[in-house]
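A short reminder: the numbers here are calculations on the coordinates, not readings from a lab. Every value quoted in this text rests on a predicted model; they were computed, and no experiment measured them. Glycine also receives a Cβ, built like all others from the backbone with ideal geometry; neighbour counts cover every protein chain displayed.
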Amino acid sequence: MTEPHTPIAPVRRSHFQNEHSRRGAVVVPNDKLASDTITNASIRNRETFAEITVPVPLAADLGAVVDGLREEPAPERDARVFVSALDAGALVTVRAAVGSTDVAEQLEKDMRLRAHRRLRALGVSK
């Protein structure tokens with residue numbers, strides 16, 4: 001007994017569309033998918049962020065901690081400081097936009113030291 005043979009038509013292109021797209025689908029030849037790097041030019045924000053997360057005891061005054069970390073003298077502008085979790089303890093996140101991953105790595109090191117210094121000054125320890 002022989003199995004039925006179904007011919008398979010080669011797919012020559014792929015269609016991509018996200019639900020927010022107003023211009024319709026993007027059509028990419030499959031040979032490009034396999035051989036080239038495809039860059040999504042619709043991504044307008046290419047910012048890199050330096051980010052640290054600081055554990056803080058739930059008994060601490062979280063408002064004072066957030067305010068204290070916001071006031072810490074720092075070279076980054078527009079740093080965001082917020083409580084990012086409330087589980088067994090609180091997590092406070094400090095995030096700042098930077099120009100590159102190298103700058104982000106160095107800034108994160110500096111931010112950790114400044115955050116530690118500020119928390120000690122506030123009398124907060126874990």
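Cβ-Cβ distance of A88 and D110, R₀ of 25 Å, FRET efficiency by 1/(1 + (r/R0)^6): the value works out to about 0.35.
Taking other C-beta atoms within 10 Å as the exposure proxy, R118, R112 rank R112, R118 from fewest upward. With contacts taken as Cα pairs under 8 Å at a separation of at least 6 residues, the range 59-125 carries a relative contact order of 31 percent. Compactness of the range 48-121 was expressed as the Cα radius of gyration divided by 2.2 N^0.38 Å, which yields 1.06.
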